[in-house]
Amino acid sequence: MGSGIAAHLANCGFRVTLFDMTRDAARAGLDRAKSLKPPHFATPESAARVEIAGVDQDLEILRSADWVCEAIIEKLDAKRSLYERIEPYLPETAMVSTNTSGLEIALLKDGRSETFRRRFFGTHFFNPPRHLKLLELIPTDETDTGELRRATELLEARMGRRVVPAKDTPGFIANRFGMWAMLHAVHVAEKLRLSVETVDLLTGPFLGRPRTASFRLNDLVGIDIMADIAANLRDRCATDDFTPSLSLPKSVEHLLANGHLGQKAGRGYFMKEANSISTLDLETLLYRDSVEADLPSIKPLQKLPLGERLAKTLELGDDAGEFMRRYLIPTLKYAHAIREEISHNVQDFDRVMMWGFGWEMGPFAMIDAIGPEKVGIEGGHFYRQNEMRGHHGGWVNQKHEPEFRSLAEYPLKEKLETFQVRDLGDGIAAVSLTTKLGTVGPKLLEELTHWIGAHKGPFVIANEQRSFSVGFDLTFFRDCIDAGDWGLVDEGLVALQQTAIALRSRACVAAVHGYCLGGGFELALGSAVILASPEATIGFPEAKVGLIPGGHGTALLRARSGDSAKTMVDFASRVVQGVTVSGAYEAQRLGLLRPHDVVGLHPDRLMADAREIAKTVKPLGEQSFEMPVGPLGGMIDHMLAELLAAGKISEYDKRIGEHIKAVFVKPTNWQEALDWERKEFIELMQLGQSVARIRHMIETGKPLRN
């Protein structure tokens, strides 16, 4: 965890010194962090901002620290011993914290000076820190409120965290409630003799939770970690009436005894061997072939709003209904029982489960959505408008945080078939795509081009869904193929090119998150500035469906290269491989994002930051176009041959590369590049291998490498 926190701070631009007991141990930790998948470091440049040091010889370095974040083994004596050793070197202005998932913070300050205790607090980063934004912040009774405010502002403004203040109680909010919920699901599964697959089907997206659901999450966290946290909570929460659910289920005991600790051990509730995955049978405790769970009763409910979906599931008379009654109702009642002990308010409690565990709704919002009476909780709802019910009764204001306002919270001005327009204030509008996953199609392009022509002020183009845009609608191209209507394909490409070029004449910011691919990325590149969420997935995957970017993307990469043949070859290499990059920093390093584009540090500040950029942004204007210096055609041929020999592309990919080469080599001006791009796109679309790739992607959602 220490190296993960160091990597995250380096990603945020800070200079970091990573201490271990010796320099060699610190270097080993840094090397591990560099090799992890998914990576802790956003770019090699981020890793270069981390230096190593040893407690045995480098404590003088601490004298220049702004923040000393201790994240060693979760043992009180070890942490206290370290504080005694480092305190003489700490500047009086430096924040000091311990990172822990549940140790009592108050016990760690014993024996320390008054100045140390005043600026000392606990943090609970979530693993991996780069990807999980929640941070529980735990003060002691001696932590200075000004220091706590300073830490909160720094963490939220400069480190991309969403801070939730927690009480200094066992496990804080996340582990006290979250671990109980995780173990309770296993207990209920074993009692009802349900399969791992069935429970994961019910406790994943159907319950408004990530696809890791219950048992995949257990494997990800680690069976041993679960057992350790549960043991700590049992010892420290002996008077909790719900503690029996923290006892270890028989399947957990079996996995521990056999060293099957989850994903890190290659075996847990799931076992992966070669290309096959086996699942633990909860009755025999033997591995068997994984099967797809089938619960016909929940299929008609899947598209209902979460609260309505769960209310109806609770009424079912089959396994789905029985599981929800035995699992979900007690889980929500447990949250209600401990809310005052561990949290300052229900909003903080809900935020921990949403931001740390990926729940669509926290437990109290879920109680409201299902109906408190159906859950068996008295006292009515917990939220109304901008208020929440206080722990001691009465209504109090919810937190007002305009800097974290989501796009959906801004006033709606206009609604069209494919997008809607919101008012961000100060004369700035936001165009929010409403097609499924931001898919680009002829209707969207028609409406957007007309709106751009009529709107004169600055604006942001964005999406309220989970992604900015997954690209052009492949079903449009499939239908054109079936009809043999290549003229209609050309019209669609011309429309995309013209819309992107129209954006160049406006003061426009593209605020992208989630997926920003293909035709959606081409639209974004028409904007004056792209503001990208740090974990956005960006790129041109068209080659994977047998095509090339055809809405000015290929032409733009060629034009953006200036006269550098080497840069053109690099771009051509990425397009022929269908490269997409998970992370905006890497997209910027590879040149997919432009030098003036911005990586937003905080994913929840995307709209506030886009609004600020839009206040001063200037239109891009016309695209320049230069001829290459060097034998570009031969260089692209050499690159394609090397990729083929290395097995990175197929023979058909190489053929796609020939079409990319044509767009890069033959045009002599910007308009010719746009024309060549469409011509090569349509030629590829008429080939059987491309048709097969398009159909396979539509039918399976996966690329076909033919």
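The values are calculated or read from the model by the stated rules, or taken from the named source; none is laboratory data. Not measured: the values here are computed from a predicted model. For neighbour counting, all protein chains shown are included, and Cβ atoms are generated from backbone atoms with ideal geometry for every residue, glycine included. We work out accessible area using only protein heavy atoms, side chains counted, and drop any ligands, DNA or RNA first. Shrake-Rupley method; radii C 1.70, N 1.55, O 1.52, S 1.80 Å.
What to note about this one:
- Counting only strands (runs of 3 or more DSSP E) that sit completely within segment 253-293, those holding 1 or more residues that are open to solvent by 90 Å² or more (accessible area, probe 1.4 Å) correspond to 270-273, 287-289.
- Qualifying position, being under 17 Å from Arg351 (Cα atoms), assigned to a loop (DSSP other than H, G, I, E, B) and without any contact (Cβ under 8 Å) to a residue 40 or more places away in the chain, among His400, His391: His400
- Put simply, of Arg605, Arg594 the only residue that is touching a residue at least 60 places away in the same chain (Cβ under 8 Å), open to solvent by less than 20 Å² (accessible area, probe 1.4 Å) and either of a type in the set (D, E, K, R) or not in a loop (DSSP other than H, G, I, E, B) (or both) is Arg594.
- Inspection of segment 366-376 identifies at least one residue that is part of a loop (DSSP other than H, G, I, E, B) and closer than 21 Å to His184 by Cα.
- Selection from segment 445-486 of residues that are out of contact with any Cys (no Cβ under 9 Å at 6 or more places or on another chain), in a helix (DSSP H, G or I), of a type outside the set (S, T, N, Q) and over 23 Å from Arg611 (Cα atoms): Leu445, Glu446, Leu474, Phe476, Phe477, Arg478, Asp479, Cys480, Ile481, Asp482, Ala483
- Matching residues, segment 312-354, being of a type outside the set (A, V, I, L, M), under 18 Å from Leu202 (Cα atoms) and not in a helix (DSSP H, G or I): Glu315, Gly317, Asp318
- Segment 1-57 holds helices (runs of 4 or more DSSP H) entirely within its bounds, and those carrying 2 or more residues that are polar (S, T, N, Q) map to 2-11.
- Residue, farthest from Thr17 (Cα to Cα), within segment 33-65, restricted to residues that are basic (Lys, Arg) and surrounded by 12 or more Cβ atoms within 10 Å (Cβ to Cβ): Lys34
- Among the strands (runs of 3 or more DSSP E) confined to segment 503-588, the ones with at least 1 residues that are of a type in the set (Ser, Thr, Tyr) and either modelled with pLDDT under 95 or in contact with an Asp or Glu (Cβ under 7 Å, 6 or more places away or on another chain) (or both) are located at 580-582.
- Qualifying residue in segment 180-192 (condition: more than 20 Å from Ala230 (Cβ to Cβ) and open to solvent by 10 Å² or more (accessible area, probe 1.4 Å)): yes
- Pick from segment 194-216, criterion touching a Leu at 6+ places or on another chain (Cβ under 7 Å) and open to solvent by 40 Å² or more (accessible area, probe 1.4 Å), ranking: farthest from Thr284 (Cα to Cα): Thr212
- Segment 83-97 - residue that is in contact with an Asp or Glu (Cβ under 9 Å, 6 or more places away or on another chain) and either aromatic (Phe, Trp, Tyr) or assigned to a loop (DSSP other than H, G, I, E, B) (or both) and, of those, most open to solvent (accessible area, probe 1.4 Å): Thr93
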